[in-house]
Amino acid sequence: MSRSTNDEVDVVIVGAGAAGSLHAAVLAAAGRSVVVFEGGPPRKLGDLYSSQLWARRLKWTSPAASDVGADGAGVSFNGGHGYGGAAIHHYAVWPRLHAADFRMASDHGRGLDWPIDYDTLRPFYDRVQADVGVAGDATQEKWRPPGVAYPLPPIPAFAQAQAIARGFAARGLTTAPLPVAILTEAYNGRPACLMDGWCDAGCPTGALANPLVTYIPRALKAGAEFRANAHVTRVLMDAAGNRAIGVEYVGTDGARQVQRARAVVLAAFAIETPRILFNSATGKHAGGLGNASGLLGSYLMAHPSISVFGMFDQDMQNYLGPTGGQLLNQDHFAKDATPGALGSRQWMIAQALKPNDLLGIAMSRPDIIGPALDPFMRKAARGLGNMVALCEPLPDSANRVSLGAGRDAHGLPLAQVTHRYGNDAKALIAAAADEGAAIMRAAGASENWRSPIAGQHLMGGCVMGRDSVSSVTDSLGRLHDVPNLIVAGPSLFPTASAVNPTFTVHALALRSAEALVRDWSQFG
Amino acid sequence: MKAGALTIACLVAGKVVRISPAEAHALAAAPQVLLPHEAETLGHLAEAMVPGARAAGIAEYVDSQLFADPSESLLIARYFGVLPPFCEFYTSGFAGLDAAAKSAHGKPFAALAAEPALTLAASLLAGPPPGWAGPPAPLFYLALRGDAVDVVYGTQAGFEMLGVPYMEHILPPRRW
C-alpha cells in the first residue's frame with residue numbers, strides 16, 4: 001500500500017525496530033491501515049557489511065543524547081538507527097524473564113512489581129519463539145521457567161566454550177547451551193547460521209532474528225507503509241487532551257507535516273520514546289504525555305556487566321560462534337543468591353571475538369600499547385577466552401531520561417540521560433568478578449583479568465504498572481490517561497532482571513498488538 | 001589493493017580519489033579537516049600506541065571520518081559517549097597533548113622521540129598529565145587507541161596478519 005497524502009490512518013507507529021515492526025505486522029494483518037515512521041535510513045540486508053567499523057553506522061547517534069551521571073548508560077552503543085532499530089545489531093541472546101522477576105517489590109520490598117505475571121506472558125514467549133526460531137536445550141537449561149521447548153537444536157560449543165565449561169564444572173557450577181534467536185537449522189525459509197561471529201555488524205544471511213527478516217517483511221506484505229528518514233517530533237492531542245490524533249514529523253524535505261491516526265504506537269526505544277512524550281506536552285499534560293505520576297523518564301536501567309578474560313595455551317577457536325556467546329549459567333539467578341546484594345546475575349560464556357572494536361581482543365587490555373601490543377594480539381588471537389556477567393540493576397527513580405539544554409535540528413529539546421549504578425549492582429558485579437576469576441583459573445587459564453563495568457541494554461523510562469500514581473502505562477503499554485497512545489519496547493520494563501531484554505520486548509509487543517486488534521472498536 | 005579493503009575519499013594533487021588510508025598516507029593526501037600539525041600529532045600518537053598505525057593511514061582515516069556526516073562516521077569515539085560533531089574532541093585532545101609535551105619536555109608531542117612519546121601516551125589512561133587541557137585524558141586515550149587498532153588490525157589485512165579467518169558475508173564496499 002502506498003499513500004501520497006497524510007490522510008488519517010488507523011495506526012501510526014513510531015520506530016521500525018523490534019517492537020514497532022511486530023506491531024505493524026500484527027495490525028496490518030488484521031486489516032488496520034498502518035504507517036511506520038523511522039527516523040533513520042531504510043536499511044536492507046545488503047547494507048550489513050562484515051566489519052566492526054561499518055557496524056558503528058547501525059548504532060544511534062542522532063538526535064544526540066547527553067549521557068551524564070556517575071555511570072554512563074551506553075546510549076549510543078545500545079541504541080539503533082534505521083530499519084531494525086537496536087535489534088538489527090543485537091546479539092540475539094533470548095532467555096526469558098523468570099517468575100520472580102515480576103514481583104520484586106512484593107517478594108523483597110524493593111524494586112517494582114510488574115502488573116502481569118510470568119504465566120500471563122508465557123504463551124507469548126512460546127508463540128514468538130515458534131514464529132522466529134529460537135535455538136537451545138530446555139532440558140539442560142535447568143533454570144528455565146515453564147514453557148514450550150525450543151524449536152531448534154542448540155548452537156555448538158567450540159573449543160573456547162568447552163574450555164571455560166570445564167572451569168564451571170570444576171567449581172560445581174552448571175552450563176547449558178545459550179538460548180539464541182539464531183537458526184541452527186533452516187527454518188521458515190531462512191538459512192542456518194555459519195557461526196562466524198559477525199552478529200554485531202548485523203546478520204545479512206537472515207539466520208539471526210533481526211526485524212529485516214522477521215516482522216518488517218510480514219508488515220510490508222500485509223500492507224503496512226514504512227517511511228524512512230522521517231523523524232517524529234511529537235504526538236498530537238485532541239482539544240480536550242484526552243486522545244491522540246496523530247503525530248507531527250519532519251521528512252526528508254525538512255518540512256513539518258502531520259499524520260493523523262486513530263491510535264499511535266510509540267516504539268522509539270528507551271531514550272526517544274520518553275523524549276517524544278515530554279516534547280508533546282499540552283496544557284492538560286503540562287509535564288508531558290503520560291506524566292501524571294511525575295515518573296515519565298524515570299527508572300531508566302542498563303544492565304551492569306563485565307567481561308572476564310582468561311589466556312589459555314590452547315587454540316580456543318575464539319573467532320567461531322555467535323557474538324553473544326555459546327553457553328549460559330544462571331546458578332546465581334535467585335534474587336538473594338549473592339550475599340550482600342539483591343538481584344539476579346547470569347553468565348554468558350564464550351563470545352566470538354574480533355581483533356578490534358569495543359568488545360574485541362585489543363580492547364580487552366586497553367593498557368597495552370607500543371611494542372608489547374602486537375605480541376599480545378598474536379597470542380590472544382589464538383588463546384583468549386572470555387565470558388560476560390550480566391547483573392540486575394534495581395529501578396531507581398533518579399536514573400532517568402529528561403530534557404536537556406541542547407536542541408535538535410528542529411528546535412526541540414534534546415534528551416539527557418542521568419544514570420548511576422546502585423550498591424546492589426556493584427556488589428553483584430564484585431561477586432561475579434571474583435567468581436569469574438576462580439572459574440578461569442579452574443579452567444586452566446594462565447592469567448585472568450576483567451573489564452570495567454559497562455552498561456548493556458536500555459530499559460525503563462515509561463514503566464508499566466497498575467495505576468497512574470506509580471507508573472506511566474498499563475500492562476498493554478497504553479498510557480493511563482491517553483489510552484489510544486501505546487508505548488512499546490523496553491521502555492515499559494519496571495525491572496530489568498539479569499537477562500537480555502529482546503525476547504521479552506517481542507512477547508510484550510505481541511500481547512499489546514493483539515489486544516489492540518481485539519479492542520479496536522474502542523479506537524476506531 | 002584487496003577487494004573490499006578500507007577506502008576513503010582523499011584529496012591528492014588537487015583531485016578527489018578513493019584509495020585506502022595507507023595509500024593516502026603514501027601519497028601524502030592533504031587532510032580535509034585536520035590542520036597539518038594536528039594530522040602529524042595524530043600520526044605520532046597512534047604510532048606510539050599501535051606500531052604500524054602511521055603507515056596504515058591513521059591520520060588519513062580519522063580525517064576522512066571527521067569529514068563525514070556524524071551518523072555515517074565509523075569512529076569508535078561514538079561508543080564512548082562523545083557527542084557529534086567529533087572534531088572538537090580530537091583537536092582539543094591534540095592541543096592538550098602538545099601542552100603536556102611542552103610541560104614535560106619543552107617541545108610539541110610530534111617532536112618527541114619514540115620513548116618519551118610512548119611514556120606520555122601511556123600516562124593518559126591514568127588521568128590528565130601535567131599541562132593537559134582537553135577532553136578527559138583516559139577517554140581520549142581509549143578513542144585514539146581504538147582508532148589505531150581499527151586501521152592496523154580491524155581490516156582484512158589485519159585479520160590475516162593475526163591468522164584470524166575473516167569469514168565475511170558481505171565485504172565493505174570500495175567506496176567508503
Scanning region A:413-450 for residues that are assigned to a loop (DSSP other than H, G, I, E, B) and touching a Leu at 6+ places or on another chain (Cβ under 9 Å), the one nearest to A:Gln346 (Cα to Cα) turns out to be A:Gly422
Exactly one of A:Thr282, A:Thr273, A:Thr252 is within 30 Å of A:Asp519 (Cα to Cα), open to solvent by 20 Å² or more (accessible area, probe 1.4 Å) and β-branched (Val, Ile, Thr), and that one is A:Thr282
Practice prompt. Could you check, for region A:28-42, whether at least one of its residues is more than 14 Å from every other protein chain (Cβ to nearest Cβ) and either at pLDDT below 95 or part of a helix (DSSP H, G or I) (or both)?
Written response: yes
Of the residues in region A:102-122 that are assigned to a loop (DSSP other than H, G, I, E, B) and free of Cβ contacts under 8 Å to residues at least 24 places away in the same chain, the one that is farthest from the other protein chains (Cβ to nearest Cβ) is A:Asp117
Within region A:124-143, of all residues that are closer than 11 Å to A:Leu178 by Cα and in a loop (DSSP other than H, G, I, E, B), the one most open to solvent (accessible area, probe 1.4 Å) is A:Gln140
Scan region A:418-427 and give yes if some residue there is under 30 Å from B:Phe159 (Cα atoms), of a type outside the set (S, T, N, Q) and in contact (Cβ under 8 Å) with a residue 60 or more places away in the chain, otherwise no. no
* Could you tell me whether A:Ala445 is crowded, with 21+ Cβ neighbours inside 10 Å, of a type in the set (A, V, I, L, M) and under 26 Å from A:Ile306 (Cβ atoms)? => yes
Across (1) in contact (Cβ under 8 Å) with a residue 12 or more places away in the chain; (2) open to solvent by 10 Å² or more (accessible area, probe 1.4 Å), A:Gly31 clears everything bar (1)
Within region A:56-101, the residues that are at pLDDT below 95, of a type in the set (Ser, Thr, Tyr) and either assigned to a strand (DSSP E or B) or touching a Cys at 6+ places or on another chain (Cβ under 7 Å) (or both) are A:Ser66
Flagged in region A:163-197 as more than 19 Å from A:Pro153 (Cα to Cα) and open to solvent by less than 10 Å² (accessible area, probe 1.4 Å), in numbering order, are A:Ala163, A:Ile164, A:Gly167, A:Phe168
Selection from region B:17-54 of residues in a loop (DSSP other than H, G, I, E, B) and either under 22 Å from B:Ala122 (Cα atoms) or of a type in the set (Val, Ile, Thr) (or both) yields B:Val33, B:Val50, B:Pro51, B:Gly52, B:Ala53, B:Arg54
Going through region B:16-36 in order, the residues found to be open to solvent by 30 Å² or more (accessible area, probe 1.4 Å) and touching a helix residue (DSSP H, G or I) at 6+ places or on another chain (Cβ under 7 Å) are B:His25, B:Pro31, B:Gln32, B:Val33
Would you say A:Gly80 is within 14 Å of chain B (Cβ to nearest Cβ), buried (at least 24 other Cβ atoms within 10 Å of the Cβ), touching a helix residue (DSSP H, G or I) at 6+ places or on another chain (Cβ under 6 Å) and at negative phi?
-> yes
- within 30 Å of A:Ala169 (Cα to Cα) and among the hydrophobic types (A, V, I, L, M, F, W, C): does that describe A:Trp114? no
Within region A:405-426, the residues that are small (Gly, Ala, Ser) and open to solvent by 20 Å² or more (accessible area, probe 1.4 Å) are A:Ala405, A:Gly406, A:Ala409, A:Gly411, A:Gly422
Within region B:152-167, residues facing chain A (nearest Cβ under 7 Å), over 17 Å from B:Pro21 (Cα atoms) and either modelled with pLDDT under 90 or assigned to a helix (DSSP H, G or I) (or both) come out as B:Leu162
Among B:Ala48, B:Ala53, B:Ala117, B:Ala111, the single one that is free of Cβ contacts under 8 Å to residues at least 60 places away in the same chain, small (Gly, Ala, Ser) and closer than 22 Å to A:Ile369 by Cα is B:Ala111
Here the qualifying pairs (Cβ atoms under 9 Å; residues six or more apart or on different chains; first in region A:503-520 and free of Cβ contacts under 8 Å to residues at least 24 places away in the same chain and part of a loop (DSSP other than H, G, I, E, B); second among the aliphatic types (A, V, I, L, M) and open to solvent by 10 Å² or more (accessible area, probe 1.4 Å)) come out as A:Asp519/A:Leu476
Residue pairs within 7 Å by beta carbon, gap of at least six or interchain, first lying in region A:57-73 and farther than 20 Å from A:His303 by Cβ and facing chain B (nearest Cβ under 9 Å), second in a strand (DSSP E or B) and open to solvent by 40 Å² or more (accessible area, probe 1.4 Å), listed first then second, are A:Ser66/A:Gln416
Checked region A:315-373 for anything within 14 Å of chain B (Cβ to nearest Cβ) and of a type in the set (Gly, Ala, Ser); matches are A:Gly321, A:Ala352, A:Gly360, A:Ala362, A:Ser364, A:Gly370, A:Ala372
Filtering strands (runs of 3 or more DSSP E) wholly in region A:290-401 for at least 3 residues that are in contact (Cβ under 8 Å) with a residue 40 or more places away in the chain and under 25 Å from A:Ala201 (Cα atoms) gives A:301-311, A:345-349, A:384-391
Subject >> Residue check for A:Ser21: within 24 Å of A:Tyr215 (Cα to Cα), open to solvent by less than 30 Å² (accessible area, probe 1.4 Å) and not in a helix (DSSP H, G or I) >> reply: no
Taking the conditions exactly as written (at the interface with another protein chain (Cβ under 9 Å from one of its Cβ atoms), of a type in the set (A, V, I, L, M, F, W, C) and within 27 Å of B:Val62 (Cβ to Cβ)), does A:Leu45 satisfy them or not?
no
Would it be correct to say that A:Val258 is open to solvent by less than 10 Å² (accessible area, probe 1.4 Å), over 24 Å from the mean Cα position of the chain (by Cα) and in contact (Cβ under 8 Å) with a residue 24 or more places away in the chain? no
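The values are calculated or read from the model by the stated rules, or taken from the named source; none is laboratory data. As the structure is a prediction and not an experimental result, all values here were calculated from the model. With ideal geometry, Cβ positions are generated from the backbone for all residues, glycine too; neighbour counts draw on all protein chains shown. Please note that ligands, DNA and RNA were not included when accessible areas were found on the heavy atoms of the full protein model with its side chains. Shrake-Rupley method; radii C 1.70, N 1.55, O 1.52, S 1.80 Å.
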